[in-house]
Amino acid sequence: MSGGKYELKKLQIHLRKYWQLYLLLLPAFVYVLIFSYGPMYGIIIAFKDFKPKLGYWGSDWAGLKYFKRFLTYPDFWKLVRNTLSISLYTLLTFPCAIILALLFNELKGVFFKKTVQMITYAPYFLSSVVMCSLVILMVGRDGPLGILYGMITGKNADLLTIPKYFSSIYVWSGVWQSTGWGTIIYLAALAGVSPELIESAKIDGAGRLQIIRHVNLPCILPTIIIMFIMSTGSILTVGFEKIFLLQNDLNLETSRVISTYTYEIGLLGGQFSYSTAIGLFNNVINVIMLFLSNKIAKKVSGIGLW
């Protein structure tokens, strides 16, 4: 039997044996197929002078016209700079979920541990509108942080009107909202650490910090690396909703990013081909970064997505 036929036969046996699991996977597969792969057909308008009345194929080809237009846009580097500064700043907070998960893992009281976990998970379930409303109240002129700023500088201020503070407000509000939820995957990895390894370390005289450093961290390192690779793979992706809700005329210098510009010229300006070209450019850079970070991780640690 040839290699191809053997693999096909092996797949058929596997499908018959585990058909229930594949049946459970089917709805997710259909969802991704319809809502993730289906819309990719529309990428073609990035290379056309798209007019809705003419449709995808009736519109004239434009080649790389809109890509050149974006690359020569006067504020191109400002958009890239703002996007990268927020993305890299966010990437610096990557260890927060790991540290919190390690702290949770050290808690012994079950009730206290579950209570603290529930409190840290709760912000994740707030909608972007509610979360941004809370942030605006907190950093406003009469909010706690606005008053604290006034105590330090002598004058209360709405921090969202000061461009240099926008990135910090965006990033640290994100840490508050998502760090607790981000611990779940690391806690699952920590649950797989062999108790025998921990007991052996204790017998050898290792303290808590030494166990964390020499047992827990090495055991969850594959999970950490994979999550880091996925984070770097979205380096030019900054959440539009949150940026848009926190943005105002006074902080545009630092809050105007690629995603908000795409919204301006796409939905508000009706320039569908141009906005699609920007989105495609953005995603191509993200894919390149994903492959690059995966290659570096494989070379350094031997661990990667593939």
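It is to be established whether one or more residues within region 72-79 are within 26 Å of Thr183 (Cβ to Cβ), β-branched (Val, Ile, Thr) and in the same structural domain as Ser255 (by TED's automatic domain parsing). Looking for residues that are within 26 Å of Thr183 (Cβ to Cβ), β-branched (Val, Ile, Thr) and in the same structural domain as Ser255 (by TED's automatic domain parsing), one finds none in region 72-79, hence no.
May I ask you to say which residue of Tyr31, Tyr6 is on the phi < 0 side of the Ramachandran plot and more than 32 Å from the chain's Cα centre (by Cα)?
Numbers: Tyr31 fails: more than 32 Å from the chain's Cα centre (by Cα).
Only one candidate passes the filter, namely Tyr6.
Quick one: count up the residues across region 151-172 that are in a helix (DSSP H, G or I), of a type in the set (A, V, I, L, M, F, W, C) and touching a Phe, Trp or Tyr at 6+ places or on another chain (Cβ under 6 Å). Walk me through it before giving the result.
Pass one, region 151-172, residues in a helix (DSSP H, G or I): 151-153, 159-161, 163-172.
This time we only want the ones that are of a type in the set (A, V, I, L, M, F, W, C), so: 151-152, 159-160, 166, 169, 171-172.
Now drop any that are not touching a Phe, Trp or Tyr at 6+ places or on another chain (Cβ under 6 Å), which leaves 159, 171.
Final tally of qualifying residues: 2.
Do the conditions hold for Lys5, that is, is it outside the structural domain of Ile243 (by TED's automatic domain parsing) and either loosely packed, with under 10 Cβ neighbours inside 10 Å or outside any helix (DSSP H, G or I) (or both)? When the stated conditions are applied, Lys5 passes them. Taking each residue of region 246-264 that is more than 22 Å from Trp172 (Cβ to Cβ) and looking for partners that are acidic (Asp, Glu) with beta-carbon atoms closer than 9 Å, six or more apart or interchain, yields Tyr261/Asp75. Filter region 59-74 down to residues that are under 10 Å from Ser273 (Cβ atoms) and among the hydroxyl-bearing types (Ser, Thr, Tyr) and give me whichever is surrounded by the most Cβ atoms within 10 Å (Cβ to Cβ). Checking each candidate, the answer is Tyr66.
Being within 23 Å of Asn286 (Cα to Cα), surrounded by fewer than 16 Cβ atoms within 10 Å (Cβ to Cβ), of a type outside the set (Lys, Arg) and at pLDDT 90 or above narrows it down to one of Pro163, Pro222, so name that one. Show your work before the answer.
On the way: Pro163 fails: within 23 Å of Asn286 (Cα to Cα).
Result: Pro222 is the single residue among Pro163, Pro222 that is within 23 Å of Asn286 (Cα to Cα), surrounded by fewer than 16 Cβ atoms within 10 Å (Cβ to Cβ), of a type outside the set (Lys, Arg) and at pLDDT 90 or above.
Within region 30-52, being surrounded by 11 or more Cβ atoms within 10 Å (Cβ to Cβ), in a helix (DSSP H, G or I) and of a type in the set (A, V, I, L, M, F, W, C) holds for Val32, Ile43, Ile44, Ile45, Ala46, Phe47.
Does region 137-150 contain at least one residue that is more than 20 Å from Asn248 (Cβ to Cβ), in a helix (DSSP H, G or I), free of Cβ contacts under 8 Å to residues at least 60 places away in the same chain and under 15 Å from the mean Cα position of the chain (by Cα)? Within region 137-150, not a single residue is more than 20 Å from Asn248 (Cβ to Cβ), in a helix (DSSP H, G or I), free of Cβ contacts under 8 Å to residues at least 60 places away in the same chain and under 15 Å from the mean Cα position of the chain (by Cα). Note on region 251-282: among residues that are closer than 29 Å to Tyr165 by Cα, touching a Phe, Trp or Tyr at 6+ places or on another chain (Cβ under 9 Å) and among the aliphatic types (A, V, I, L, M), the one that is surrounded by the fewest Cβ atoms within 10 Å (Cβ to Cβ) is Ile265.
The values are calculated or read from the model by the stated rules, or taken from the named source; none is laboratory data. Small disclaimer: the values here were computed from a predicted structure and weren't measured. Cβ atoms come from the backbone with ideal geometry, glycine included; neighbour counts cover every protein chain shown.
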